[in-house]
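Note sheet for the following structure.
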Amino acid sequence: MRWMRERLDKEEGFTLIELMVVVLIIAVLVAIAIPSFLGFRNRAQDRSAQADLRNTLLGEKAVWTDSGAFTETEADLKEFEPTLVINTTAATDAGVFVDMSVAANDDAVCLQQASASGNFFAIFEDSSATGGTFYGASASAITCPAAAGAPASTAAVAWSNTGFPAVP
């Protein structure tokens, strides 16, 4: 019992400087981790929007294979992919916006989606002889091409035929 009392009587502990150094080290680690975490989150949100567009494109291609024309009807697309969320109002609303105004004969479709990170993505599919699949990315709303064929990149929207480009 005596040894316990002697040990408690000694004044031991951390100095203020030692505690401040520990707090500083923790603050530096947090300052490094938060921006990385936010970057991971934004990229994950962008990839989610891109995956939704690709899934919708697969549904569109399945409809086109069956009927020879693309569709903007949610029920037609959900026959092939029941989890799709389609909207018909604007690309800034939830879900994939299907724009059929490109070609009068329904052989081209433009799919758009806004990511939760604030970026916008689009897939333009043209089934005519001069067409193909084109992927677009922008920091602001994307206007779909007005005619069939390869869309041209601008300062606001980058288009690529090999996959989603970086947001300009």
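Some notes on this structure:
- Subset of region 66-102 that is among the acidic types (Asp, Glu) and outside any loop (DSSP other than H, G, I, E, B) - its residue that is modelled with the highest pLDDT: Asp66
- Failed item in (1) in a loop (DSSP other than H, G, I, E, B); (2) at pLDDT below 85; (3) surrounded by 11 or more Cβ atoms within 10 Å (Cβ to Cβ), with Leu38 passing the rest: (1)
- Of residues in region 153-168 being free of Cβ contacts under 8 Å to residues at least 40 places away in the same chain and either in contact with a helix residue (DSSP H, G or I) (Cβ under 7 Å, 6 or more places away or on another chain) or under 20 Å from Asp107 (Cβ atoms) (or both), the one surrounded by the fewest Cβ atoms within 10 Å (Cβ to Cβ): Asn161
- Residue match in region 111-125 (condition: among the β-branched types (Val, Ile, Thr), in a strand (DSSP E or B) and farther than 19 Å from Arg43 by Cβ): no
- If you filter region 133-152 down to residues that are hydroxyl-bearing (Ser, Thr, Tyr) and buried (at least 18 other Cβ atoms within 10 Å of the Cβ), you find that the one that is nearest to Leu53 (Cα to Cα) is Tyr135.
- Cβ-Cβ under 9 Å pairs, at least 6 apart or on other chains, region 14-39 side over 21 Å from Ala116 (Cβ atoms), far side modelled with pLDDT of 90 or more: Phe14/Val22
- Residue within region 56-65 that is surrounded by 14 or more Cβ atoms within 10 Å (Cβ to Cβ) and assigned to a loop (DSSP other than H, G, I, E, B) present: no
- Boolean, Val167 is within 30 Å of Gly39 (Cα to Cα) and either among the hydrophobic types (A, V, I, L, M, F, W, C) or assigned to a loop (DSSP other than H, G, I, E, B) (or both): yes
- Residue in region 38-49 that is in contact with a helix residue (DSSP H, G or I) (Cβ under 7 Å, 6 or more places away or on another chain) and closer than 22 Å to Gly163 by Cα present: no
- Residue within region 116-132 that is in contact with a Gly (Cβ under 7 Å, 6 or more places away or on another chain), without any contact (Cβ under 8 Å) to a residue 40 or more places away in the chain and either on the phi > 0 side of the Ramachandran plot or surrounded by fewer than 22 Cβ atoms within 10 Å (Cβ to Cβ) (or both) present: yes
The values are calculated or read from the model by the stated rules, or taken from the named source; none is laboratory data. Predicted model only: the values in this text are computed from it and were never measured. FYI the Cβ positions are ideal-geometry reconstructions off the backbone, even for glycines, and counts take in every protein chain you see.
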